[in-house]
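Written below as structure tokens is the structure these notes are about.
The values are calculated or read from the model by the stated rules, or taken from the named source; none is laboratory data. Everything numeric in this text was worked out from a predicted model, so none of it was measured. For neighbour counting, all protein chains shown are included, and Cβ atoms are generated from backbone atoms with ideal geometry for every residue, glycine included. Ligands, DNA and RNA are stripped out before the accessible areas are found, and what is left, the full protein with its side chains, is counted by its heavy atoms. Shrake-Rupley method; radii C 1.70, N 1.55, O 1.52, S 1.80 Å.
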Amino acid sequence: MKKVFLEKRSLNKIFIVLASFALAVLIYLLFRSRKLFYYQIVELMNLDSHVRSIRKVVWVYRKHIPNWVIYSLPDGLWLFSMGVSILHNRVFYKKAQNIFNIIFFTMIGIEVFQGSMEDMVLL
């Protein structure tokens, strides 16, 4: 039986990891402070005017969204995506394992960098 690089199950897991991470970033961009690390990336990509216009539209619905969705759900989504990556790494597909490791370390790096940026803003 030939092992196929990134068979359909692996692609589904990669999609789940990236989708949950993207949803968490979207919540940060639309509902959290603009002093966070993600806004610096948005500004570097010259997308800040688009994000601000979307924020104005979404802000109308802010009062209908519970606080736990805005402040706790992104952390849960990151934890979920990290857990899926780690569980998927048990399968010994080296190429898929490398992709998930890159995603995993990128997520950790962004969180660490964001924390250091928040500390710098507070100073």
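Here the label points at residue 46 and residue 34, each 7 Å from Cα along the C-beta direction, are separated by 1.9 nm in the simple model. Here the peptides 37-50, 55-68, 20-33 are ranked by packing, the mean other Cβ count within 10 Å, and the order with the highest first is 20-33, 37-50, 55-68.
Let's test the formula: R0 of 35 Å, r as the Cβ-Cβ distance of residue 56 and residue 102. What FRET efficiency results, to the nearest 0.05? About 0.50, to the nearest 0.05. Taking all protein chains into account, the per residue accessible area for the range 37-92 stands at 71 Å² (1.4 Å probe).
Two decimals, Cα atoms only, Kirkwood Rh: what is Rg/Rh over the range 1-70? Kindly include the intermediate steps, with their values, before the conclusion.
Details: Rg = 16.7 Å, Rh = 14.3 Å.
When Rh is taken as the Kirkwood radius, the ratio is 1.16.
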